[in-house]
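Encoded as structure tokens, the structure appears first; notes follow it.
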Amino acid sequence: MGSKYGATEIKYVSGPYDSEDGFKRLDKAISEHEISKKSSQGSSRRLFYLALPPSVYPPVCKMIKECCTNKSDVGGWTRIVVEKPFGKDLESAEQLSSQIGGLFDETQIYRIDHYLGKELVQNMLVLRFANRFFLPLWNRDNIANVQIVFREDFGTEGRGGYFDEYGIIRDIIQNHLLQASDSLKVLCLVAMEKPISLKPEHIRDEKVKVLQSVIPIKDKEVVLGQYEGYRDDPTVPNDSNTPTFATTILRIDNERWEGVPFILKAGKAMGSKKADIRIQFKDVPGDIFKCQKQGRNEFVIRLQPSEAMYMKLTTFQAIHVSLSFFNGIIMSEMWILDKVLLKEYFNFMFLVVIG
């Protein structure tokens, strides 16, 4: 199958998760492909993307380690990519890390969420720290609240068995809105301080500081719900009380964000598809125009259905000011790989892993 990103063919090899036979056939197919490309042994790069239930990560990684890794190291590598959710809780996540870490070095393991391959998420650091007019505004003195919203217009659609085990909080809020590839977090990108450099460890350190500053969530600031008809899905238990909608408020106890609520909303079967980051600013002091009825100033970063940024300003008539999103300008700051601008976030994530 042809591809503008360079793939010339796709082959399918089937087999069980825990049987050597299927993985040996997979290794043979990969080796034959490498030979056809005249790759010397050990120089090829093998990337295994595990879009699988977390429960089978350990046996699959074990089979890959035993059957499918490069036979020698002459500039090539073997890397493992695991999709969210990475376990159901701290205990299961640590267990998975221990099991996979016993098979591969940490530099070979990538824990990702494809969602953060989106261009506007990638550009959050550039947007915040390379544009002077945001710097003095991005704090508790000017911002009333921050809303991070993820709404889907469809339900489980036959995938209820998977979803019911994790629910909306782990599936969306924890993974898409909070946790993703290599500790990247939408919340942290909005709230973090400027790192001393763009090195991954410096960015990670600032994100960790944000999470360490989050105050424990209060029960009264959480709302859970389940859409009507969820239990009609034959893959969902009849007595399930798994939430398909959740709203919660996070509060960050530091100098920049004290008193500013971060409102996280996520839900399935909501009637419309939307994901955005909405920064609401405080009311103007001494407002002679009585602007409150027009609503607050807002800066919105829309992640889907179509990526965009816009501002809501107060005038005699309500207007939205759209900001043109120039890929060549914004993307060139950080994310040009071999001078190719990557628009599909899956392809972006793959190329980051490949290096």
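The values are calculated or read from the model by the stated rules, or taken from the named source; none is laboratory data. Because the structure is predicted, anything quoted here is derived from the model rather than measured. When we count neighbours, we look across all protein chains shown, and the Cβ atoms used for this are built from the backbone with ideal geometry, even at glycine. Side chains included, ligands, DNA and RNA excluded: accessible areas come from the protein's heavy atoms. Shrake-Rupley method; radii C 1.70, N 1.55, O 1.52, S 1.80 Å.
I need the phi-derived Karplus couplings for the stretch 93-104: 6.51 cos²θ - 1.76 cosθ + 1.60, θ = phi - 60°, integer Hz, Gly and Pro marked x.
5, 5, 5, 4, 4, 5, 5, 6, x, x, 9, 10
Determine the alpha carbon to alpha carbon distance for each of 194/290; 88/282; 218/290; 207/274 and list only those over 30 Å.
194/290; 88/282; 218/290
Hey, which aspartates and glutamates would be in cross-link range of residue 273, C-alpha to C-alpha under 19 Å, not counting anything within fewer than 8 residues on its own chain?
113, 119, 152, 153, 157, 171, 228, 307, 344
Tally up the carbon and sulfur contribution to the accessible surface of the stretch 191-305 as a whole percent, 1.4 Å probe, everything protein left in place.
So the carbon and sulfur contribution to the accessible surface is 52 percent.
Could you run the Karplus curve 6.51 cos²θ - 1.76 cosθ + 1.60 with θ = phi - 60° over the stretch 196-206 and give me ³J(HN,Hα) per residue in whole Hz, x for Gly and Pro?
6, 7, 8, 5, x, 5, 6, 5, 4, 4, 5
Can you list the HN-Hα couplings for the stretch 130-143, worked out from phi with the Karplus curve (6.51, -1.76, 1.60; θ = phi - 60°), rounded to whole Hz and with x for Gly and Pro?
Karplus values, whole Hz, x for Gly and Pro: 10, 10, 4, 5, 7, 4, x, 8, 7, 6, 5, 6, 10, 9.
With a cut-off of at most 14 other beta carbons within 10 Å, and DSSP calling the residue loop, which trypsin sites (Lys or Arg not before Pro) in the stretch 45-79 qualify? Please list them.
Listed in order of number, the matching sites are 71.
Which order do you get for 230, 166 if you rank them by accessible area with a 1.4 Å probe, largest at the top?
So, going from the largest accessible area down, we get 166, 230.
To the nearest 10 Å², what's residue 227's accessible area with a 1.4 Å probe?
Rounded to the nearest 10, the figure is 50 Å².
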